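Here is the structure we will look at, set down as structure tokens.
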Amino acid sequence: MVAGTNSRERGRGDGVSDAVVVARGVGKVFGTDTDRVEALRGIDLQIARGEFISLIGPSGCGKSTLLRLIGDLLQPSAGELVVNGKPPRQARLDRDYGIVFQQPTLLDWRTVRANVELPLEIMGVAREERAARAEEMLALVQLAEFADHHPWQLSGGMQQRVAIARALGFRPALLLMDEPFGALDEMTRELMQQELLRIWTETETTVVFVTHSIPEAVFLSTRVVVMSPRPGRISAVIDVPLAHPRDVETRESDDYYRLITEVREALRRGETGEGRR
Amino acid sequence: MTDASADVVATTSRWSPRVRRIMGFLGVLVVVVVIWELYKVVGKALGGVVPGTELRLRPPPDDRIMPHTWDVVLQLFRPVRRNGELTVLLLGKAALFTLREAFVGFVVGGLVGFGLGVAFVRSTLAERAFMPYVVASQTVPIIAIAPMVVVWGGKLDIPQWLSVAIIAAYLTFFPVTINTVRGLRSPAPTAMEMMRSYAASPSQVLWKLQVPAALPYIFTALKVSATASVIGAIVGELPAGFRDGLARALLEFSQQFNAEKLLAAILMSAIAGILFVGIVTWFEHRLVAAAHRQE
């Protein structure tokens, strides 16, 4: 796989040296000898700076596991992972990535502002700096006027935007997202996708995005990584050369439909066991 | 009927929640008093036996063993003994004395309980090793433990009231430990992963995530413990032979077979307990309700 073949037109991410994530032969086995589950096998992947990568596949294909391996929330059983040029553990300790889960995971007892400030607090950022960054991030996700609300007073979509603001507040090089819009209704979901692309463009962050929605993966990504289960592996990588900025017109274009079909067929091939490498 | 109930709803909602709470409390009190007095009236009319049988009513409805409710209240404002002080003054002082021991025990027990909870959540090994003993400690009757603590305390030259407080603490810590463990483990796995992704230190995870999440659990335990600590203090006063606490009053009145005084003392103990739980609840509203999801 060639790194950065389809990074954005911004001219970032043009070489192995600029890779934010490198996986070589990564495998993950859960459980003991008696009931071992092989979640991932032989994952080779390179993600260049500024890319937006979607991991897509059916349940049990190990896409969330791969995300957690990159984030050092799990340790690989085989192979090697490099994040931002260092071992995942060091990348985590250096706060190189922010993470967003399917559930917003906001702390109920903190205001929206205090939730966004939480990681900054933990990192020992000074009070004024924290306040300034929280303000900036809440403006970015267009929730400035809700800073003093508590999470339960916001809708699901707004809560998830707070979670994104929180993950970006300390300016990580990498944003890991585990089905962040999975719990939202379709309308909100499309709005959030649009928002996320805008944020991605403004912050120039690299994104790894787990989803099982084909249209979502195609609309958002520069590349879609198709995975298949038992054991989890990469069955195809599909470039998405749709122009930026993407909008409603993109969703109605022929190229968009063609790419959706391409991903769907890759998924089906992976399911039936063809196209194994 | 529907009209009437609609009327009731409209009437009650005119009052503030606080007033409604107080009215609920008084309503129950009235019902209890009515049942009590009704039982006495009906029981007496039946001659103290179950109709058509020789079975005596228990408790017997006579005024000596089951005095009128108003006599119990009036007893509070009569002298304890001839030329003695008013019952309410004596019991009030006794309740304050006992509450002080209970409070010290409550604070010590609460801190120990919280500390144990944190230790157990930090180390599964500690939990496995100590939890059986913690559980066992609570199955031993407090009446058996109390004299021992007082005797040992005496040998160690610990002031007696402190020994009593230790007994109160003994009853306090257990619910706090159990609920602290439960509460510290209550955050979602993703919340823990999130803290890990920030490379938060264990103490940051504890104070910024686990403890705030555990507060509702801990306060539930503290309310149980507040009442338990009063019981612990009263039971502890018995072997200590304190003359100033509620235990002495309860013991003396029961030996006198004076139901009016005894019930007055029980009433005072109950008020002490309610007062204590009320204080804890006040703190709970301050610390938890304002911060956590509330309707």
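Odds and ends about this structure:
- Computed 3J(HN,Hα) for the stretch A:208-225, one whole-Hz value per residue from the Karplus formula 6.51 cos²θ - 1.76 cosθ + 1.60 where θ = phi - 60°, is 10, 10, 8, 8, 10, 9, 5, x, 4, 4, 5, 4, 7, 8, 8, 9, 10, 9, glycine and proline marked x.
- 3J(HN,Hα) from dihedral phi, the stretch B:86-94, Karplus parametrisation 6.51/-1.76/1.60, rounded to Hz, x for glycine, proline: 4, 4, 5, 5, 4, 5, x, 5, 4
- Sorted into 5 angstrom bins from 0, the C-alpha pair distances of the stretch B:106-211 split as 2, 12, 17, 18, 16, 12, 9, 6, 4, 3, 1 percent.
- Structural descriptor for the stretch B:127-241: relative contact order 41 percent, calculated from alpha carbon pairs under 8 angstrom and at least 6 residues apart.
- Residues whose amide H lies under 5 Å from that of A:Val20, counting only those 5 or more places away or on a different chain, are A:Ile47, A:Ala48, A:Arg49; hydrogens are built 1.01 Å from N in the peptide plane.
- In a fully extended conformation the segment linking B:Glu252 and B:Trp152 would gain 33.4 nm over its present Cα-Cα distance, using 0.36 nm per residue.
- Within chain A, helix-based [θ] at 222 nm, where runs of 4 or more DSSP H residues each add -39,500 (n - 2.57), nearest 500: -11000 deg cm²/dmol
- Selected from B:Phe106, B:Phe120, B:Phe257 as most flexible by GNM, with chain B as the system and alpha-carbon contacts under 10 Å: B:Phe257
- For A:Ser235, the residues 5 or more places off, or on other chains, whose built amide H falls under 5 Å of its own are A:Val226, A:Met227, A:Ser228.
- For A:Gln102, the residues whose amide H sits under 5 Å from its own are A:Asp178, ignoring neighbours fewer than 5 places away on the same chain, with H placed 1.01 Å from N.
- Nearest-ten-degree value, helix B:211-240 long axis tilted from longest Cα axis of chain B: 50
- FRET efficiency estimate (nearest 0.05) - Cβ-Cβ, A:Asp185 to A:Met123, R0 30 angstrom: 0.30
- Positive end of the dipole of the stretch B:87-294 (Cβ unit charges, origin at the Cα centre): among B:Leu91, B:Val151, B:Val118, the Cα lying farthest that way belongs to B:Val118.
- Each residue of the stretch B:276-286 was assigned a 3J(HN,Hα) from its phi angle through the Karplus expression (A = 6.51, B = -1.76, C = 1.60, θ = phi - 60°), giving 5, 4, x, 5, 4, 4, 4, 5, 4, 4, 5 Hz with x at Gly and Pro.
Bear in mind that the values in this text are calculations on the coordinates, not laboratory data. Every value quoted in this text rests on a predicted model; they were computed, and no experiment measured them. All Cβ positions, glycine included, derive from the backbone under ideal geometry; neighbour counts span all protein chains shown.
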